[in-house]
Amino acid sequence: MTSPSGDAKKPRRRTLRNTVFSLLGKAQAAVFSYIVIKLLLDVLTVEEYGLYSLLFIGVMVNFSMVFQLGSPNLITRYIPELFTAGNWRGIHEIFKKVMRAQFLVAIASSLLVFLLAPQLSSWLNFPGDANVLRVFSLAAILYLLTEVYHLVFSGIFRQQTIFWVTIAYNTLRLIILGTVYLYFRNFMAVVIAEGIALFFCVAFYAIAYKRGVDTTSDSSALDWKRMKKFAGLSYLNEIGVSVLSVATDFFLVSGILGGVATGFYGLANRVNDLAQKVLPMKMLGPVLQPLFFSEYGANKEKAEFGFRMLIKATLFPTVAVAVWMAVMSKEIIIYVFDPRYADAWMLVAVMALFLPAVSLRQPLGLMLQTHERVDILIYAKISGILKIIAGIILLPKYGYNVMPWITGFTVIVQNNFVYHYVKKITNARMDVWGNIRIWLNAAAAGVAIFFLKPYLNSLLGVIASVAIFSVLFLVFSMINRGFSKEERDFINSKLPKPYFKF
């Protein structure tokens, strides 16, 4: 094992390696996700895929933050600090307390699900699936435990460990689900398979933790009062995040419109999620945040330049992906996923168009966190109440196609609220015209693809549309530049040669 003290003294030397493994990790996750989706679409009916999406995306991935009690932010905030100080005993102390609390909460929640499963399945518009909910609750316990390990390894700059554990987990998961695909082909078998894979994921992480963390070193006392206060505020923010997340969408669509609608919405969300996974800002998220704080945290006067550039760097690839997806949404579903879900094309298109607004939450949040104003991020989540009210009123009348509009406009309301305070507190402004140029370039490329669509009605056509759109967008962006000369010079100063011409 590498010396903990040596690692703690040189956390910055891991930045390049962490970046590489973060990119590799996101890339392999996207590949495995697509293969698994294809398997599940073939095994499950539309209604069953709707329940799968509700449970394994809405509840497990998004809504689980309600049951994490602020621990993700507690780990993310303090473990890197202890790592830098070489305080491995303190890291282990936080890990033990968080793991114990998480396990107790998960067990209590699972017991409630076991008792209330019939009522819950009826409320979710999936009567008769009570046993599926019970088995899922056991898998959810394992998922919450894997999240603790994942966050701890990220906090001690071990993206390499996360990558190898994730590779092992995804490979085993694919083998188990492949067995279900070949021999069992029913929903309960899928849920059991997911639970078995998560059990091994916890085991892999536990072995890596035992071998990679020195729990015998000396440590100074931890300021638990300060940590608990931070975790409490973070928890309030996360509850708001969960209300704004796709979890609420799934509950509203399922409870009001039923299984088929949830199935369509589930696949549209997975398409949107896969698109996000390949975006640079999503891939580099675990590395970007500490780099932004280290560059601008101590010099808030320079932060405006970093903020403007980060906004554009976020929008540049995201807007391109969003416009391409909106134009090619029907072809993507039919030729890349499953023709049975062709009616979900409008869901994909609308989700795509709001993808840039979703992506801007990170740079806006970073700017306020740099000035230590997490309270404003909490207040912004009140917009989630508007989302629930609008969903209850509009879904019965207009159907599932209205849900992404509701969610998208809710995100825009939240972003404008946060941006108002970014301007007020930090005196930082976006480069509005630069951002508009990025949108215009993508729109021009999108118009060209729209007129070429009659020739792109196949899997090869979808692939060709990516190449054509990319070339057109980059050419238009070189002519109608969204980035200022100062920003281009800054980006090119980090590259071997001045490649960035946009």
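The values are calculated or read from the model by the stated rules, or taken from the named source; none is laboratory data. Since we're looking at a predicted model, the values are computed, not measured. Cβ: placed from backbone, ideal geometry, glycine included. Neighbour counts: every protein chain shown. SASA here: full protein model, heavy atoms, side chains in, ligands and nucleic acids out. Shrake-Rupley method; radii C 1.70, N 1.55, O 1.52, S 1.80 Å.
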Once Glu486 and Ile436 are pulled to full extension, the length gained, defined as 0.36 nm per residue separation minus their Cα-Cα distance, is 16.2 nm
Kindly write out, for the stretch 319-329 in residue order, the coupling ³J(HN,Hα) from the Karplus curve 6.51 cos²θ - 1.76 cosθ + 1.60 (θ = phi - 60°), rounded to whole Hz, with x marking Gly and Pro. 5, 4, 4, 4, 5, 4, 5, 4, 6, 9, 4
Size of electric dipole in the stretch 319-453: Cβ of Lys, Arg +1 and of Asp, Glu -1, about Cα centre, debye, nearest 20: 260
Cα centroids of the stretch 60-93 and the stretch 431-463: how far apart, whole angstrom? 41
Kirkwood Rh in Å, taken over all unlike Cα pairs in the stretch 133-179: 11.9
At 7 Å along Cα-to-Cβ for each site, give me the label-to-label distance between Ile385 and Ile479 in nm. 5.0
Length released on extending from Leu116 to Lys96, taking residue separation times 0.36 nm less the Cα-Cα span: 4.2 nm
Can you show me the helix-derived [θ] at 222 nm for the chain, built from DSSP H runs with n ≥ 4 at -39,500 (n - 2.57) apiece and divided by the number of residues, rounded to the nearest 500. -25500 deg cm²/dmol
Entries of Lys26/Lys228; Lys38/Lys277; Lys423/Lys485 with Cα pairs more than 26 Å apart: Lys26/Lys228
What are the ³J(HN,Hα) values, in whole Hz, obtained from phi via the Karplus relation 6.51 cos²θ - 1.76 cosθ + 1.60 with θ = phi - 60°, for each residue of the stretch 71-81 in sequence order, with x given for Gly and Pro? 5, x, 6, 4, 5, 5, 6, 9, 5, x, 5
I'd like the FRET efficiency for Ala108 and Ala203, computed as 1/(1 + (r/R0)^6) with the beta carbon distance as r and R0 of 30 Å, rounded to 0.05. 0.85
May I ask you to compute the full-extension gain from Ser470 to Asn416, defined as 0.36 nm times their residue separation minus their alpha-carbon distance, rounded to one decimal in nm? 16.5 nm
Share of carbon and sulfur in the accessible heavy-atom surface of the chain [1.4 Å probe, %]: 66
In Å, descending, principal axis extents of the Cα set of the chain: 66, 61, 40
Quick check on packing: order 195-204, 114-123 by the mean number of other C-beta atoms within 10 Å, highest mean leading. 195-204, 114-123
Spherically averaged projected area in nm², based on the convex hull that wraps the Cα atoms of the stretch 91-177: 6.9
Neighbourhood net charge (13 Å Cβ-Cβ; Lys/Arg +1, Asp/Glu -1) for Met478: +4
Volume in Å³ per residue [convex hull over Cα atoms, computed for the stretch 57-123]: 77
Computed ³J(HN,Hα) along the stretch 247-256: with the Karplus parameters 6.51/-1.76/1.60, θ = phi - 60°, integer Hz and x for glycine or proline, the list is 4, 5, 4, 4, 5, 5, 5, 5, x, 9
